[in-house]
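Each reported figure results from applying straightforward, stated rules to the coordinates on display, with no laboratory input. These numbers were taken from a predicted model, which means no experiment stands behind them. FYI the Cβ positions are ideal-geometry reconstructions off the backbone, even for glycines, and counts take in every protein chain you see.
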Amino acid sequence: MNLPCGWKRGMTRISAAGAALILAVAAFHFTPRLVHSEEAEPATLTLSAPPAKVVAARAKPALLTEKPTGHQIPHKSEDVIRYGADQAHMSLFVDNQYPSAKQCAECHPTHFREWSVSPHAYAQLSPVFNCMQNAIKILTNGTNNDFCIRCHTTVGMQLGEKTDMSQLDRHPTAREGITCITCHRVNLEYGKGSGRRVIVSGDITQPVYGPLGSKVLQQVLADPDQYGVLETAETGNRSRKIHGDVQQFFSMASPSFCGTCHDVFGPNGFRLEDAFSEYKASPAAKEDGVSCQDCHMGKVAGEARGYVVEPIAHIGNAWTTPRRRTNHMMPGPDYSILHPGLFPHNVEAIREEGAEETAPGAGLATMRQWLQFDHEAAWGTDQFEATIPEGYQFPDAWREPTRRTEARRILNDQFELLAEYRQFAADTLRAGYKMSKITEPSCDRSGLHFKVKVWNGTRGHGTPTGFDAERLVWLYITVWDSTGKVIHQSGDLDPNGDVRDTHSFYVHNGKVPHDHQLFSLQSKFITRNIRGGEREQILPITFSLDPLPFLRPETSALNVQGRPFAARKHKQNIEVGGSRWAKYHVPTKVLTGNGPYNVRVQMKAGMVPVNLVHRISFAGFDYGLNPKEVARRIVDGHHVLYEENFVFDVHSRSLSP
Amino acid sequence: MRPTWNLTRFLAATVCAAGLAHAQSAELVPFFEEDAVQPVELSEAYEASGHVRIEALDDGQGGHTDHPPYPGDYFFGWTPYQEEAPWYWEIAEGFTHAVEAPSESLAHLSEGLFCAEHFHFETNLSRMAIGIQATPDRPALLIEWNEGFLAEGPLGDHIVTPFGATWRPSLWVFGTHRANFAYRHQQGSVSDGVSDLQFAEISQRLDIFAQLNLTGTERILFGMRPLDQETHGPASRLGREFNGYDFQGGNWIDGWNNDVQTFFFEGDFGEIFPYLDYHDNYQIDYGFTIGRQPLIAQQGLLINEDMLDAMTVTRNTLSGNGNLNLRMTGVFAWNRVSRHTQQNFLTVRDRNSKLFALLTESDFKTSTVNADVAYVQSEDDLGSMVSWGVSGIQRLHGFRNHYNTSLHFLASHPTSGRETPTTGQGELLFSRTSWTPHHGLDLIYVNAFWGIDQYASATRGPLMGGPAGGGVGILWAHTGLGQYGPPINNQTADSVGGSVGYQLQFDGTRKQVIFEVGGKASTVDPHSDTIASGMRYQQACGQHNVWILDTYVGKTESRDVATGVRVELLTKF
């Protein structure tokens, strides 16, 4: 460095002395331990005031303006103004800037119904997601911050909400996750941006964006006799508000629009999900010209069979003219484990905290009140209401039998919609996974043998894809003898509800044996060890290399290595056009001699493995849930995609057929 | 003949490993000795309704809603069996069991030494609802302009390029600062005429980066190390001088510099020009970089360079024929290729050479395979060469545990018709094995290498040392700060070596202790054999700092005992 010699020498001494001073001071300085406890302090939980409230109280209030200056908003002075402001009025103001799906539902009831039960609608409500992103944030010392949640609630992040808020306290539109405006108020190409795209703010009368433009809207606006007098941004106050324009944004129909959130890689280059990249290299893109939307928003779940032609809106008392309509249910591997009063989103169900019960459009109960409604005890059913035991205690909100009956009516609708979704989700999964019959059965002195082939049924991506390191798709094998005694299993679950793979805590702790015959398509997170290569982990946090995992931009080129130095994902899914053989062996020792032996093979799918719940549980679950209950609901939701049976007609241990 | 023979040995070893991995046809015995086969009586409805019965079990009748203790009442009423390990696994796991034996004692010792609680996982899921726990606030970067790094709140201002891409230029400044006090003493040998080596120093290092972030895929990264300067010794020998104070010599060390350490652009062609593929039907998403950048291949065994002027092109996420995820990168580097010689432990800058490399990584069902080749073309006496490497990284499922393994085979061949100090002919076999004992996140590792003749990496930076520096053990690695070099010489030519280490986690994972023993023997010079043992304690403090304490004791054949200790404070920002 070309500096004056004396200055240079002085700086050298100062800096070296500074380093020595830092060392000396730090030697006596033991910083208090960061909030990082794997064994978090238990807290007493009451549903009327969940402990999440404590966290939520720290959260900054919603913003007065769409985009104040600086990142650490609000500033001190703004805080004072905001806390002094009328909360209801402020909520209304923000509401207007980020309209809720419930406002859209008024004219688009079919879209709303489909979306309300979709994984997009569930994205931010999911207790597993929220716990996981909080756990990762804690384990990365705060540095991961909004990386995960930016996709899950773009509105919430744009409003500056804290990442660790309870969903019960979020802005209603933020709670809706991937809501209507998350896509229909986006007007720019953001590319592979891990969800970091801007929602154009504005009340319901402002323009929205769609791939087909405003032809239908212009028909509506031009025909007040049929559709009524409507208020747009250009008109004065009218009785019914409607967006004034639908500006054409063709990119919304392109796969890259989905890729903004479905190609997830961190600023350190970690490729968490690469569904869009898989698609771009697939025959569906190169040869068929089939888009993501064609399979996932079309007539048939998971297959490109065209779109329905239907009216897209119901305005006044009339439906608009039919045209191509996309399905917004987009079923997939996720399913709800929430109280059915909270999900699917239901205009009649939820009343915001503080809102008057009699206010127009207010739902039946607040989210906290719904959490107190014991639907499993059959509250509100005729049978229950007719036989309530004496002295039975109800929470204040549910003392009135009429409210319980009304709640039950809403829940019946919810269950019906959930069942509909579950069917479509299973159809989608079946489009992705194919399973053969039991093939090549044989028996010899070592036991029974058979095989099953599993292959990828799509041409657009691997299966599983996306969050494939936490997608559990496996084969469950049961063999029983003629007396009904189970003699052999693979793919069975441990007491926590995990398959017996290396991530099972029962297997890891040596309490049950590893399932050597397990056939699973789950990819694995791999982290680098301080020495000794790499190992699988449930979360891709690099503990071994560093006691202080700290996320910063990668200092080497992201795309050369395709991943950061310290972590990666080992893909173990099935590629397009690929297949796997699952081979099974039932050893002679377990045969009882009571043949014939029945074999059943089931392909099963769960949204996440239970070990993930276990690993993240120190960060705490929302809605007053405990890890055991979360696991139970996840296991209850496992899909059975296929089942095949076979009978080995052997009658003794000697295996003579 | 020799490379062929070595390749044969490598393949044989690979086949053996693969055999172990896939040996899953053993007989079954009850997992618990006291448990005989106790199949469950299923309900009478079973035979009539087939799978419905099992579904009823799946609904968790009994075991599911009320968690049973194991082994009395297994989840769905079925007791799994531990397969009987074949003889080769018995032997292998007997070895790992023996290696694992001291870990518990070391954990107890460390608990006492560092007043920390050894970390372990509970087996059962908790029934306690603890509510959402508070998370630490985001530690802001030194400078954040336009948009915060992973910050909540509105995103930054954007521009739309003429090509249709949306960029949000944001400037982020971040880095790390390291400062340490180090003392080392190695007694000389009168008989060999080797004098004492002793030093005590304070040194520091600052790695500071400025990133102009444009999108999720495009960025410009600029980096400097203003407190440690690359130095050029005799015959262009490279080293680095760290700002600090040398107590032995009583002098200040000047490392101030304004050299550009990192400066490159990287992007994705398809993302920069989205209009070229409006319907996403073409495969134009080629990643590329250009500029000065660090580069690593074969986990540092083939290429380990911190400062390479290079241009790269990458294709990612390709699949087919059992290959689940292929990445291919072509590299062309010029101007400042660092050449390393194992004979004199020198690194020299070859300004007249060029490097061409093809780097690949593929995920297969059980393994991740890296196959890389690099050609260094030199116009001076340093010579041209080809270096290549193949590695397989996989987990082997044993019967007591599962094992992380990686096996590397590397070779180098001079192409100038003769060997030079930087273009040796030779091979390197490198093996890493590790596993996590039950209940926790601890790690036990056993690493070994065998260097046959003079294997030479294509390029190695000045502080990287020999190929064994990165992977064998902490005793072999340069700390990257000051003069405190590795206790065991990390060159691999004509030698064999290995390390066994224990990494133990305490208080969650924020306190760690690593114990390691290692040794190296030369296959040509019996007087240079070395054995050493060391310990590292590292502790995260708050959100930014890590304390590191390193100490070792070692003995080289022709010298007396050597000792060293260092204390480091690492700050991330």
Discussion item. What is the sum of charges, Lys and Arg at +1 and Asp and Glu at -1, for the other residues whose Cβ falls under 12 Å from the Cβ of B:Asp196?
Written reply: +1
Worksheet item: Does region A:454-573 come out rounded, prolate or oblate, given a ≥ b ≥ c as the square roots of the eigenvalues of its C-alpha gyration tensor, rounded meaning a/c under 1.5 and, failing that, prolate meaning a/b above b/c?
Response: oblate
Practice prompt. Report the FRET efficiency, 1/(1 + (r/R0)^6), for B:Thr366 and B:Thr523, where r is their Cβ-Cβ distance and R0 is 30 Å, rounded to 0.05.
Written response: 0.35
Worksheet item: If you project the alpha carbons of region B:213-299 onto their three principal axes, what span does each projection cover, largest first, in Å?
Response: 68, 26, 21
Worksheet item: For region A:197-271, what number results from the quotient of the Cα radius of gyration and 2.2 N^0.38 Å?
Response: 1.51
Practice prompt. State, to one decimal in nm, how far the label point of B:Phe247 lies from the label point of A:Lys589, with both points 7 Å from Cα in the Cβ direction.
Written response: 6.2 nm
Practice prompt. Can you check how the C-alpha radius of gyration of region A:140-283 compares to 2.2 N^0.38 Å, as a plain ratio?
Written response: 1.25
Worksheet entry | 3J(HN,Hα) from dihedral phi, region A:397-412, Karplus parametrisation 6.51/-1.76/1.60, rounded to Hz, x for glycine, proline | 5, 10, 5, 6, x, 5, 5, 5, 5, 5, 4, 5, 4, 5, 5, 4
Worksheet item: Hey, what's the Cα Rg ratio for region A:529-657 versus the globular rule of thumb, 2.2 N^0.38 Å?
Response: 1.61
Discussion item. Tell me which of A:His488, A:His516, A:Val452 sits at the most positive position along the dipole axis of region A:452-524, charges placed on C-beta atoms (Lys, Arg +1; Asp, Glu -1).
Written reply: A:Val452
Worksheet item: What is the sum of charges around A:Arg528, taking Lys and Arg as +1, Asp and Glu as -1, for the other residues whose C-beta is under 9 Å from the C-beta of A:Arg528?
Response: +1
Worksheet item: Among B:Phe332, B:Phe269, B:Leu318, which residue has its Cα positioned farthest towards the positive end of the charge dipole of region B:234-345, with +1 placed on the Cβ of Lys and Arg, -1 on the Cβ of Asp and Glu, and the dipole taken about the Cα centre?
Response: B:Phe332
Item to complete: Highest first, please rank the peptides B:364-376, B:109-121, B:431-443 by the mean number of other Cβ atoms sitting within 10 Å of their residues.
Response: B:431-443, B:364-376, B:109-121
Worksheet item: How crowded by other chains is A:177-190, given as the mean number of beta carbons from other chains within 10 Å of each beta carbon?
Response: 2
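Per-residue mean of other chain beta-carbon atoms within 10 angstrom of the beta-carbon, peptide B:504-514?
5
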Response to the item:
Quick shape summary for region B:483-573, equivalent ellipsoid via Cα gyration tensor, semi-axes whole Å in descending order, reads 31, 13, 11
Response to the item:
Along region A:120-126, Karplus-curve 3J(HN,Hα) (6.51, -1.76, 1.60; θ = phi - 60°) to the nearest Hz, with x for Gly and Pro, reads 4, 6, 8, 3, 8, 6, 4
Worksheet item: By the scheme Lys and Arg +1, Asp and Glu -1, what is the net charge of all other residues having a beta-carbon under 11 Å from that of B:Ile290?
Response: -1
Worksheet entry | Proximal aspartates and glutamates to B:Lys555, defined as alpha-carbon separation beneath 13 angstrom and excluding residues fewer than eight positions away on the same chain | B:Asp529
Practice prompt. Can you tell me the FRET efficiency between B:Glu557 and A:Trp455 if r is taken as the Cβ-Cβ distance and R0 is 45 Å, rounded to the nearest 0.05?
Written response: 0.15
Worksheet item: In this model, which of A:Lys569/B:Lys572; A:Lys451/A:Lys524; A:Lys434/A:Lys571; A:Lys437/A:Lys583; A:Lys511/A:Lys604 are farther than 21 Å apart at the alpha-carbon?
Response: A:Lys569/B:Lys572; A:Lys451/A:Lys524; A:Lys511/A:Lys604
Fill in: For B:155-163, mean number of other protein chain Cβ atoms within 10 Å
3
Worksheet entry | Protection-proxy order for peptides A:347-359, B:551-563, each taking the mean of Cβ atoms within 10 Å per residue, highest first | B:551-563, A:347-359
Response to the item:
Pseudo-spin-label distance A:Ala386 to B:Trp145, built 7 Å along Cα→Cβ, given in nm, is 7.6 nm
Worksheet item: Simple spin-label model, 7 Å along Cα-to-Cβ: B:Tyr88 to B:Val173 in nm?
Response: 5.8 nm
